[in-house]
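See below for the structure under consideration.
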Amino acid sequence: MQKTLIKQALATDKPVQGITLCGWIRTRRDGKDVTFVELNDGSCLTNLQCIVDPKSQAFADLGSATRGASVCITGNLEPSPGKGQQWEVQVTAVQVFGEADPEAYPLQKKRHTDEFLRSIAHLRVRTNKYSAVFRIRSEASAAIHAFFRRSGFHYVHTPILTGSDCEGAGEMFRVTTLSPGEKDLLKDFFGRQASLTVSGQLEAEALAMGLGRVYTFGPTFRAENSNTPRHVAEFWMVEPEMAFADLGDIMDLGEELVQSVVDGLLTSSAEDLRLFDRFVEPGLLDRLKKLTASPFARVSYGEAVEILERSGREFLFPVTYGVDLQTEHERYLAEEHFGRPTIVTDYPMSIKAFYMRVNDDGETVAAMDMLVPRIGELIGGSQREERLDVLKNRMLALGQQMSDYSWYLDLREFGTTPHAGFGLGFERLIMMLTGIANIRDVLPFPRTPGSIEF
Ligand code: 4AD
Ligand code: MG
């Protein structure tokens, strides 16, 4: 079978004799003299219109195949006299792979709610909206890899099974081969407690101390019980780590990365983005173009708290210096006060992770969060504490088990360097790119508390 993708077929500038296309029927309309089949193969948003003559063998072979059926169609690609499309296929042969009973097929002609489509996650990829989201995920991944290649970063693969808790927050899924009731960790697979990683950062730091600039892009897991539109238990994180770099360097890197991905997608995913601009977030394309055109706002945590206090807003969680910023605060800053992505720096030490570099004031750390309108935190990162004694004291104060992190401390013992990095939540980036408001709708098979059906 020499197959052509619909995307390729539609890009042609002249008719093609003898073309074969495989896909799923989106709609079928039977007229007296002609049958129209709209075919989609996932290569692009647009369907290809196929014309079947009711007197032909192809029509007989098409049988009762209709919406949802998978077919292979051979024919001639010709200019379409009809409105709405440039090309159509005059069908000469049809092979049906699998029919779909139109009564039982869960995807009906009407527009379904996102909630319903979540319950049929295995089928929703066959709708315009979800196929577009998943193509955008693919394009955004490619744009991220391209950006880092251009910028001299090596792509590294950090482990998913881990013995250390990167964020020190204890929100980890345990991994064990012990039977229920068995408690002796020495008998466990690894002879000690093991978990699914919450971040590849610690291992990325080790690799940066030899490769210079690295990034990971992989799945991460959080057992936090937050049922919000922005949290899932399994998500993908992009984590660059740079040797010989400080906070300013990674703020620049984060801003360049986000702008470069958006800019690339405005071209590579133009058709899919137009769908979201039309049906999901009117004004999306303008918002994305603006985002690439002007620098992001930058503000210290202290200034951010003053802005929030002065705002006159009644927040659900009142703001005072020292509290962690909540999504409502983050959104106020990025959406209303600055009206663009905003990088907040220098948070109080008490609310940030152990590895962040302590500032000269002894109270704040060289942290940065990038907040974006509608979503809140997209990126979290910092300069890392490279001074062995300072790091040890911080870990002791937090009651961390030094023996669990001996290799991490070694990095400061041997050839330590100033270094910095961040983590970008890939699903939140996709939310930003599409205007989709619920993180469950940008992952093919989302995992949330109490939900792992697929
Ligand atoms: O701010 P976080 O927790 O930072 C880290 O894990 C660092 N170790 C990263 C680093 O410096 N290399 O997470 C980073 C980003 C967040 O800004 C957010 O976008 C996303 O990961 N994120 C989540 N996305 C979806 N669901 C969750 N439960 C998330 N938790 C964090
Ligand atoms: Mg964070």
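The values are calculated or read from the model by the stated rules, or taken from the named source; none is laboratory data. Nothing here was measured: the structure is a model prediction, and the numbers come from that model. Every residue, glycine as well, gets a Cβ built from its backbone with ideal geometry; the counts of neighbours run over all protein chains shown. Areas reflect the complete protein model, heavy atoms only, side chains present, ligands, DNA and RNA absent. Shrake-Rupley method; radii C 1.70, N 1.55, O 1.52, S 1.80 Å.
Against the criterion of being of a type outside the set (Phe, Trp, Tyr), open to solvent by less than 80 Å² (accessible area, probe 1.4 Å) and either free of Cβ contacts under 8 Å to residues at least 60 places away in the same chain or in a strand (DSSP E or B) (or both), Ser179 qualifies. For Asp324, the conditions (1) in a loop (DSSP other than H, G, I, E, B); (2) within 16 Å of ligand 2 (Cβ to nearest atom); (3) open to solvent by less than 30 Å² (accessible area, probe 1.4 Å); (4) not basic (Lys, Arg) all hold with the exception of (3). Report yes if Leu391 is more than 15 Å from Ala204 (Cβ to Cβ), within 16 Å of ligand 2 (Cβ to nearest atom) and open to solvent by less than 10 Å² (accessible area, probe 1.4 Å), otherwise no. No. Restricting attention to the range 439-448, which residues are surrounded by fewer than 22 Cβ atoms within 10 Å (Cβ to Cβ) and either over 15 Å from Arg124 (Cα atoms) or of a type in the set (Val, Ile, Thr) (or both)? Ile439, Arg447, Thr448, listed by residue number. Scanning the range 220-238 for residues that are under 19 Å from the mean Cα position of the chain (by Cα), open to solvent by 30 Å² or more (accessible area, probe 1.4 Å) and not small (Gly, Ala, Ser) turns up Arg222, Glu224, Asn227, Thr228, Pro229, Arg230, His231, Glu234, Phe235, Trp236.
The residues in the range 354-384 that are aromatic (Phe, Trp, Tyr) and within 10 Å of ligand 2 (Cβ to nearest atom) can be counted, and the count is 0. For the range 399-454, the set of residues classified as of a type in the set (Asp, Glu) and either touching a residue at least 24 places away in the same chain (Cβ under 8 Å) or within 16 Å of ligand 2 (Cβ to nearest atom) (or both) consists of Asp404, Glu413, Glu427, Asp441, Glu453, listed by residue number. Among the residues making up the range 360-397, a single one is assigned to a loop (DSSP other than H, G, I, E, B) and near ligand 1 (Cβ under 9 Å from one of its atoms): Ile375. Looking at Arg222, Arg192, which one is within 24 Å of Lys352 (Cβ to Cβ) and of a type in the set (Lys, Arg)? That would be Arg222, the only listed residue that is within 24 Å of Lys352 (Cβ to Cβ) and of a type in the set (Lys, Arg). Arg150 falls short on exactly one of the conditions (1) open to solvent by 60 Å² or more (accessible area, probe 1.4 Å); (2) under 30 Å from Gly63 (Cβ atoms), and that condition is (2). If only residues of the range 239-263 that are at negative phi and open to solvent by 50 Å² or more (accessible area, probe 1.4 Å) are counted, the one that is farthest from ligand 2 (Cβ to nearest atom) is Asp263. Being in contact with a Leu (Cβ under 8 Å, 6 or more places away or on another chain), hydrophobic (A, V, I, L, M, F, W, C) and open to solvent by 10 Å² or more (accessible area, probe 1.4 Å): is that true of Leu371 here? No; evaluated as a whole, the condition is false for this residue.
Close contacts from the range 202-231, counting a first residue that is without any contact (Cβ under 8 Å) to a residue 60 or more places away in the chain and a second that is open to solvent by 50 Å² or more (accessible area, probe 1.4 Å) and assigned to a helix (DSSP H, G or I), with Cβ to Cβ under 7 Å and a gap of 6+ residues or different chains, come to none at all.
Restricting the range 47-96 to residues that are among the hydroxyl-bearing types (Ser, Thr, Tyr) and in a loop (DSSP other than H, G, I, E, B), which is surrounded by the fewest Cβ atoms within 10 Å (Cβ to Cβ)? Residue satisfying both the conditions and the ranking: Ser64. Looking only at residues in the range 223-233 that are farther than 15 Å from Ile430 by Cα and either in contact with a strand residue (DSSP E or B) (Cβ under 7 Å, 6 or more places away or on another chain) or modelled with pLDDT of 95 or more (or both), the one that is farthest from ligand 1 (Cβ to nearest atom) is Asn227. The condition of being crowded, with 23+ Cβ neighbours inside 10 Å and in contact with a strand residue (DSSP E or B) (Cβ under 6 Å, 6 or more places away or on another chain) holds for Val214. Output the residues belonging to the range 409-438 that are away from ligand 1 (no atom under 13 Å from the Cβ), outside any loop (DSSP other than H, G, I, E, B) and open to solvent by less than 10 Å² (accessible area, probe 1.4 Å). Residues satisfying the conditions are Leu433, Thr434.
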